[in-house]
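Below is one structure, written out as structure tokens; comments come after it.
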Amino acid sequence: MTATPLPGSPQLHYRGDALFLEEVALADLARRYGTPLFVYSRAAMLSALAAYQRGFAGRKARIHYALKANSSLAVLQVFARAGCGFDIVSGGELERALAAGAKGPDIIFSGVGKTRREMRRALEVGIRCFNVESEPELEVLSAVATELGVRAPVSLRVNPDVDPKTHPYISTGLKGNKFGIAHQDAQRAYRHAAALPGLRVVGIDCHIGSQITQVAPYLDALDRVLDLVDAIEQAGIPLAHIDFGGGLGIVYHGEEPPAADALWQQLLARLDARGYGGRELLIEPGRSLVGNAGVCLTEVLYLKPGEQKNFCIVDAAMNDLPRPAMYEAYHQIVPLRPQAGPAATYDVVGPVCESGDWIGRDRALAARPGDWLAVLSAGAYCMSMASNYNTRGRAAEVLVNGAEVHLIREREDFADQVRREKLLP
Ligand SMILES: *Cc1c(COP(=O)(O)O)cnc(C)c1O
């Protein structure tokens, strides 16, 4: 069908003239479960994970899946059963990780705005580490831990101030960014942490951004972090682990990100060269484990030719697929069956009442109403960011495993949406 391999291949492929994910024809799923529908390949997730596992073979390393990328319980189960820990950013994500089978020591807790209540719960279940992002947070965490009669394991998220060369909304390791502790303040913050009674310093972490497709920013960040490790340990504060965050990019539209094992080959060589090869390593990949493992199926509702643009109006919208509206992101859009007839150029848009509700611009399609399309690379930061805007129920989700099909989330109905609301007397 298409000359270049589809993002998500080999699990995503045309067989004859039908688009398949693993052994399942996607049109069968659209017919059975309706649209919009997210479909994920278990094999694609495990193969993305395997690239990291190969990269870390023989090392002391643990992969903590950053579950904000896709936090559906069955997706978490796939990673928990494959031996992953989790990186969480809220109390809700803590409960999700536990519900999927993780235990406290499998969990690390990131994020700039942890509440006392979230800290307490995380201490009660005995999480492995708090990735602390400011000195005031250190004080609060120490106080909460002291009340509970425990010491909180902490790492400080340092800001290496390198440009990850990605979209400004998803670059997090630069000065002038809300995340992390500035490189020049890090040593003072570590002395502060070591002096607080409710804390136990266990590591250092960084996370420079997301959808990173080059190796150089990672190598720069690693050097900057290791400079700090040298200085902090010389000051008498040992760091048992180094957590290098997530951020590796995926293929949306011809990007060529390094494979996880190739990236880590270079990073491990640098760690070895600087004498840190035997140190315990943690990483927090999100997008790169799930992004190319999922698609969103949608039905063409109407074709609306216009003077300046033609619109292809589909039943998925910005509440299901928020990335184009948020970051002007690109998702490839392909038909579930090759379409007969000449293609025209369309903006593919949803039904939501916002001009920002678009899914793809200037796409050549020979679509007709009733046809199904697949929005590709939709496994990460789609369902987990979905909303009910315009009182649209969130989509259903299906996980395929070979020829097996598991409905992992039912489509949200009106009653689900208004369950917590109260009418006036
Ligand atoms: C979002 C996030 C991640 C995961 O980022 P990806 O780009 O999805 O790999 C990892 N660590 C932290 C602290 C994050 O905020």
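Every read-out reported here was derived from the displayed coordinates using simple, explicitly stated rules and does not represent laboratory data. Note that the structure is a prediction, hence the values are computed from the model and not measured. Cβ placement follows ideal geometry from the backbone for every residue including glycine, while neighbour counts extend to all protein chains displayed.
Under the definition of Cα pairs under 8 Å and six or more residues apart, what whole-number percent is the relative contact order of region 343-408?
Dividing the mean separation by the residue count of region 343-408 yields 22 percent.
With +1 on each Lys and Arg Cβ and -1 on each Asp and Glu Cβ, how big is the dipole of the chain about its Cα centre, in debye rounded to the nearest 20? Each step should come with its number before you reach the end.
Numbers: 45 positive and 48 negative charges, 130 e Å.
Rounded to the nearest 20 debye, it is 620 debye.
Towards the positive end of the charge dipole of region 187-297, with charges on Cβ (+1 Lys, Arg; -1 Asp, Glu), say which of Gln211, Cys296, Leu222 has the farthest Cα.
Leu222
For region 60-108, divide the Cα radius of gyration by the Kirkwood radius and give the resulting Rg/Rh value with two decimals.
Working: Rg = 9.3 Å, Rh = 10.3 Å.
That ratio equals 0.91.
Quick check: the distance between the Cα centres of region 265-284 and region 338-352, to the nearest angstrom?
Computed from Cα coordinates, the inter-centre distance equals 48 Å.
Take every DSSP beta bridge with both residues inside region 1-113 and express the antiparallel ones as a percent of the total, to the nearest 5.
Details: 6 of 12 bridges.
The antiparallel fraction comes to roughly 50 percent.
Treat the count of other C-beta atoms within 10 Å as a stand-in for reagent exposure and order Trp358, Trp372 from fewest to most.
Details: Trp358 19, Trp372 22.
Result, fewest neighbours first: Trp358, Trp372.
Out of all DSSP beta bridges in region 109-226, what portion is antiparallel? Express it as a percent rounded to 5. If you can, show how the numbers build up before the last one.
Details: 1 of 13 bridges.
Bridges in region 109-226 that DSSP calls antiparallel: roughly 10 percent.
Write down the percent of antiparallel bridges among all DSSP beta bridges whose residues are both part of region 303-398, to the nearest 5.
Working: 10 of 13 bridges.
Given both bridge residues lie in region 303-398, the antiparallel proportion sits at roughly 75 percent.
Pull up all non-local amide H partners of Leu199: gap of 5 or more, or a different chain, and H-to-H distance under 5 Å with H placed in the peptide plane.
Ala152
Please report the relative contact order for region 72-203, taking Cα pairs under 8 Å with a sequence separation of at least 6, and give it as a percent rounded to a whole number.
Taking the mean separation of contacting Cα pairs over the length of region 72-203, I get 20 percent.
Grab the DSSP H runs of the chain that are 4 residues or longer, score each as -39,500 (n - 2.57), total them, divide by all residues and round the 222 nm result to the nearest 500 deg cm²/dmol. Before the final figure, lay out each step's value.
Working: 12 runs with 120 residues, N = 425.
That calculation yields -8500 deg cm²/dmol at 222 nm.
Could you tell me which of the pairs Lys103/Lys178; Lys68/Lys103; Lys60/Lys178; Lys68/Lys165 are separated by over 25 angstrom between their Cα atoms in the structure shown? Display every interim value, and only then the final one.
Numbers: Lys103/Lys178 30 Å; Lys68/Lys103 18 Å; Lys60/Lys178 31 Å; Lys68/Lys165 22 Å.
Pairs exceeding 25 Å: Lys103/Lys178; Lys60/Lys178.
Could you tell me what fraction of 2.2 N^0.38 Å the Cα radius of gyration of region 261-398 comes to, as a two-decimal ratio?
Numbers: Rg = 19.5 Å, N = 138, 2.2 N^0.38 = 14.3 Å.
That works out to 1.36 for region 261-398.
For Thr4, Thr166, which order do you get if you count the other beta carbons within 10 Å of each Cβ and list the fewest first? Provide the component values of the computation, followed by the final result.
On the way: Thr4 9, Thr166 20.
Ranked by crowding around the Cβ, least crowded first: Thr4, Thr166.
Over region 131-233, what is the relative contact order in percent, taking alpha-carbon pairs closer than 8 angstrom and at least six residues apart? Could the numbers behind the result be given before it?
Numbers: 175 pairs, mean separation 36.0, N = 103.
Relative contact order comes out at 35 percent.
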